[in-house]
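Note sheet for the following structure.
The values are calculated or read from the model by the stated rules, or taken from the named source; none is laboratory data. Keep in mind that this is a model prediction, so the values were computed, not measured. Here the Cβ positions follow ideal geometry from the backbone for every residue, glycine too, while neighbour counts run over all protein chains shown.
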């Protein structure tokens, strides 16, 4: 096992988590996408890209399960860099196919990309505030979601949804005061960073 690489990945994850904790304590975590968090996500993504470019996805056999999870978290949060996040998904898919990374990681990363592309999710793992003031998501084939989730080791959708809603409420998360304004801001951000194309004039 490559202990130096494993430690580097764990350090990237810790930087992400420390920044999140600081923003939560300052009451800034749920007030839009904070610039400090964006900076960490971008710099971590670039660091992971160097690792992946050098020798592929850091799978369990190479860095151990915990560092493999750390790499996945960095990839999951690489939302400011669409090209990198899509590249991470391809590398992770190869590792999953080889039995060197958990399938649930690929499922969640797939949903994350679909969410930012504005497409329905396959597994229902990325939640956002709906018009009803509740966290939820748009699903592709809702009737089959629990079978798909079970195939990658995820709990039933409604169980996970209830748990996530409890966690967000415990942290003080609440729906945006102006849902329409937040949706416009999110759409503008997605176009600005390259997730979606600008509409034809």
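Tabulated results
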read-out	value
Residue match in segment 142-152 (condition: in contact with a helix residue (DSSP H, G or I) (Cβ under 9 Å, 6 or more places away or on another chain) and either loosely packed, with under 14 Cβ neighbours inside 10 Å or modelled with pLDDT under 95 (or both))	yes
Residue tally, condition surrounded by 15 or more Cβ atoms within 10 Å (Cβ to Cβ) and under 15 Å from residue 80 (Cβ atoms), over segment 21-37	2
Filter result for the condition that a residue is touching a residue at least 60 places away in the same chain (Cβ under 8 Å) and over 30 Å from residue 4 (Cα atoms), over 138, 117	117
Within segment 55-99, tally of residues that are surrounded by fewer than 18 Cβ atoms within 10 Å (Cβ to Cβ) and either part of a loop (DSSP other than H, G, I, E, B) or modelled with pLDDT under 95 (or both)	4
Checking residue 124 against (1) loosely packed, with under 13 Cβ neighbours inside 10 Å; (2) in contact (Cβ under 8 Å) with a residue 12 or more places away in the chain, the condition it does not meet	(1)
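Yes/no matrix, rows are residues, columns are (1) out of contact with any helix residue (DSSP H, G or I) (no Cβ under 8 Å at 6 or more places or on another chain); (2) farther than 22 Å from residue 42 by Cβ; (3) not in a helix (DSSP H, G or I):
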| residue | (1), (2), (3) |
| --- | --- |
| 155 | no, yes, yes |
| 161 | yes, yes, no |
| 165 | yes, yes, no |
| 168 | yes, yes, no |
| 177 | yes, yes, yes |
| 180 | yes, yes, no |
| 184 | yes, yes, no |
| 192 | yes, no, no |
| 195 | no, no, yes |
